[in-house]
């Protein structure tokens, strides 16, 4: 079953278009990074998938049910980008509250497991207001996992974390994916998405402008050959064209000293996508 299916999604706020026909799928156990600049429509798409915002048009299904339905809600975990937890609650009390809200009967055992997952076991009794932003972020991920959701929607989950915290979250997401949990990770940080996601979708100005496996974000942009008469560049050629290029140059009497396949960096591909260029 497809965990999340978004088809031709549109959302207008008066004259402003937050989403303009976006389509996206997240498969079972797949970790998909939704990458784009601030204001691109990432959070709006996620809120619609959670049932917090109604779309202007289009279709969103979560675990085979309409987004916002009871079936979809009970199968989804969500961490908002700008979450706020009561400062007077301890970590354990906050998870108890969300267990009641989610209808989870996991009790103390579930809370213990989740606090351990996010490396907050020793902070069980600490008040939220006394926690660092990074600790609160990890606690937010723990609350999103209450009830063992099959789809996890995370909006900028590593934005406030230090390198150690980011590593903890990356390891956790990889573990969840291996257990069959589907994850949509919103981020504007290309490096973080590259490290953990199976596939990347780039959104810009409310539209999906690029999609593919993370490794595919780096593309051939040409072949450079150093010859006896100078360096030659073959624009747009890739690895598959190298034998033909070399054979042709040898027939022309050139001595070949070096052949290099040049690739656009993932950053270049990302910038080209959000700026409306090709490359």
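Any read-out appearing in this document is the output of simple, stated calculations on the displayed coordinates, not a laboratory observation. All values derive from a computational prediction rather than experimental measurement. In this analysis, Cβ positions are derived from the backbone assuming ideal geometry, glycine residues included, and neighbour counts consider all displayed protein chains.
For the chain, a Gaussian network of Cα nodes joined below 10 Å ranks 196, 62, 225 by mean-square fluctuation, and the top entry is 225. Here the extension length gained between residue 122 and residue 178 equals 17.5 nm, from 0.36 nm per residue of separation less the Cα-Cα distance.
Between the helical axis of 107-117 and the longest alpha-carbon principal axis of the chain there is an angle of about 30 degrees. Placing a pseudo-label 7 Å from each Cα along the Cα-to-Cβ vector at residue 229 and residue 246 gives an inter-label distance of 2.0 nm. Between residue 109 and residue 70, the simple label model (points 7 Å from Cα in the Cβ direction) yields a spacing of 2.6 nm. Once both labels are positioned 7 Å from their Cα atoms along Cα-to-Cβ, the gap between residue 167 and residue 132 label points is 1.3 nm.
Residue separation of residue 195 and residue 7 scaled by 0.36 nm, minus their Cα-Cα distance, works out to 65.0 nm of gained length. With R₀ set to 41 Å, the beta-carbon distance separating residue 262 from residue 52 gives a calculated FRET efficiency near 0.40. Once the Cα-Cα distance is subtracted from the 0.36 nm per residue extended length, the residue 38 to residue 87 segment shows a gain of 14.9 nm.
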